[in-house]
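Student: This is the structure, below, for whatever I ask next.
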Amino acid sequence: MTENDLLIGCQKNDSSIQSLVYKTYGPKVFGICKRYMKSRELAEEITMNTFLTVFQKCDQFNNQGSFEGWILKITVNCCLMELRKNNLQFDEIPHDKIASPPANEIENQIENQDIEKMLEILPDSARIIFNLYAIEGYKHKEIAEKLNISDGTSKSQLNYAREKLKKVYFNSTK
């Protein structure tokens, strides 16, 4: 079944197609939710909320990009909405408090590691920015707009996350 068939089935509220969409994309959606949420239960709840949103708004899909990509963007937005409800604070970390590693060094070195376990050590704000930038591919300007923070705060949180991951990674490989 093609993505277009899945989309048409969802638009017709076909429960068997909706179930197939959930089975097809559920593991990826849940994986994203687990990266953003600290608890498994909350990740499961956000996963369900994501699919409810997908099924309610599938008529709004405008065929720009893939249906899967659209679902994953909704996933990130659902995670961010949940985090905003908890009034997560993003503080800018002064540059003299962190050493800036070379771009993409940490992401490349931990790609074969269990990324969820690595991200658990980060404070919420740094984990979210790391997810958005390094994993989801958002630019600092987009992150700043999504989270209502400055570009500098996004950059400093990312550098903090990279440095913390670098310390943990290098200490665990010695």
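The values are calculated or read from the model by the stated rules, or taken from the named source; none is laboratory data. This is a predicted model, so every value here is computed, not measured. For neighbour counting, all protein chains shown are included, and Cβ atoms are generated from backbone atoms with ideal geometry for every residue, glycine included.
Student: For the range 34-54, which residues satisfy the criterion of being modelled with pLDDT under 95 and among the hydrophobic types (A, V, I, L, M, F, W, C)?
Tutor: Those that are modelled with pLDDT under 95 and among the hydrophobic types (A, V, I, L, M, F, W, C): MET37, LEU42, ALA43.
Student: Same structure, new question: Being at pLDDT 65 or above, of a type in the set (S, T, N, Q), surrounded by 10 or more Cβ atoms within 10 Å (Cβ to Cβ) and over 15 Å from the mean Cα position of the chain (by Cα), is that true of even one residue in the range 62-69?
Tutor: Yes; the residues of the range 62-69 include at least one that is at pLDDT 65 or above, of a type in the set (S, T, N, Q), surrounded by 10 or more Cβ atoms within 10 Å (Cβ to Cβ) and over 15 Å from the mean Cα position of the chain (by Cα).
Student: Please indicate, with yes or no, whether at least one residue in the range 31-47 is over 14 Å from the mean Cα position of the chain (by Cα), surrounded by 20 or more Cβ atoms within 10 Å (Cβ to Cβ) and touching a residue at least 40 places away in the same chain (Cβ under 8 Å).
Tutor: No, that holds for no residue.
Student: Hey, another quick one. Pick from ASN49, ASN62: which is more than 22 Å from ALA144 (Cα to Cα) and in a loop (DSSP other than H, G, I, E, B)?
Tutor: After ruling out the rest, the residue left standing is ASN62.
Student: Continuing with this model, one more query. Hey, among the residues in the range 159-171 that are of a type outside the set (Ser, Thr, Tyr) and surrounded by fewer than 22 Cβ atoms within 10 Å (Cβ to Cβ), which one's modelled with the highest pLDDT?
Tutor: Ranking the qualifying residues of the range 159-171, first place goes to ASN159.
Student: Right, here's the next one. Kindly establish whether LYS85 is at negative phi and modelled with pLDDT of 90 or more.
Tutor: Spelling it out, it is not the case that LYS85 is at negative phi and modelled with pLDDT of 90 or more.
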